[in-house]
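Contents: one structure, followed by commentary.
The values are calculated or read from the model by the stated rules, or taken from the named source; none is laboratory data. Predicted model only: the values in this text are computed from it and were never measured. Reconstructed Cβ throughout: ideal geometry from the backbone, glycine too, with neighbour counts over all protein chains shown.
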Amino acid sequence: MWLITCLFISIFLIKNSESESQCSSPYPCNYSYTYNAELDQCYKLYAGGVMDFNGAEDKCVQDGAHLASIHSEKENEFVTELAFTDGGTTSFCKWINAWIGLNFTNGNWSWTDGTPLDYTKWGCNLPQDGYETCAFTNTAHSSDKCGDWYGLWDNAHE
C-alpha cells in the first residue's frame with residue numbers, strides 16, 4: 001500500500017492511501033506526484049498562496065489524499081528536502097514552512113490520515129499543546145540557542 005502526501009506554503013505534502021488506478025504501471029503515482037521508491041510513497045507539493053491547516057487538509061482530501069504523515073527519520077529528511085528544493089523557488093526567500101498532517105485534538109497529537117504516531121521530530125521545547133494545534137516542518141537553516149531548526153517540527157495556531 002502506498003500513501004500520497006500533501007505538503008504546503010502554503011506548502012503541503014500529500015500522501016494517498018490507495019492507488020487511483022487498477023492498471024499496472026511501473027510508476028505507481030499520478031503524474032503530478034513524486035514517487036519515493038525507498039519509502040514506497042507518493043508525495044505532492046503544493047506551493048502557492050497562504051492557506052491554513054484546515055484548508056490544506058481539505059485540498060489534500062479533494063485530491064484523494066491527506067497532509068503528510070511522517071514515520072521515520074528517512075521520511076522526514078525526504079519531506080523536508082522536497083519542500084526546501086521544490087517549494088523555495090523564488091529568488092528572494094528559501095524560508096518555507098510546510099504543513100504536515102499532525103494536529104492536536106481531544107488532548108492528543110494524531111495524524112489526519114489515521115496512521116499511528118510512531119515518530120516525531122519536534123524542535124526545542126515543543127510542542128506547546130493547547131492553543132497551537134497544528135504542526136509544520138521547518139525548511140530553513142536558522143539557528144538559535146537550540147541549534148539549527150532545519151527539518152524540525154513546530155506547532156502553530158490553525
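Here are the numbers for this structure:
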read-out	value
Residue that is within 20 Å of residue 151 (Cα to Cα), modelled with pLDDT of 90 or more and not in a loop (DSSP other than H, G, I, E, B), where the choices are 57, 81, 38, 77	77
Any hit, the range 96-104, residues being under 17 Å from residue 150 (Cα atoms), small (Gly, Ala, Ser) and modelled with pLDDT under 85	no
Hits in the range 71-84 - residues which are in contact with a Phe, Trp or Tyr (Cβ under 7 Å, 6 or more places away or on another chain) and without any contact (Cβ under 8 Å) to a residue 60 or more places away in the chain	71, 72
Residues of the range 103-121 satisfying the condition of being among the acidic types (Asp, Glu) and either touching a Leu at 6+ places or on another chain (Cβ under 9 Å) or crowded, with 16+ Cβ neighbours inside 10 Å (or both)	113
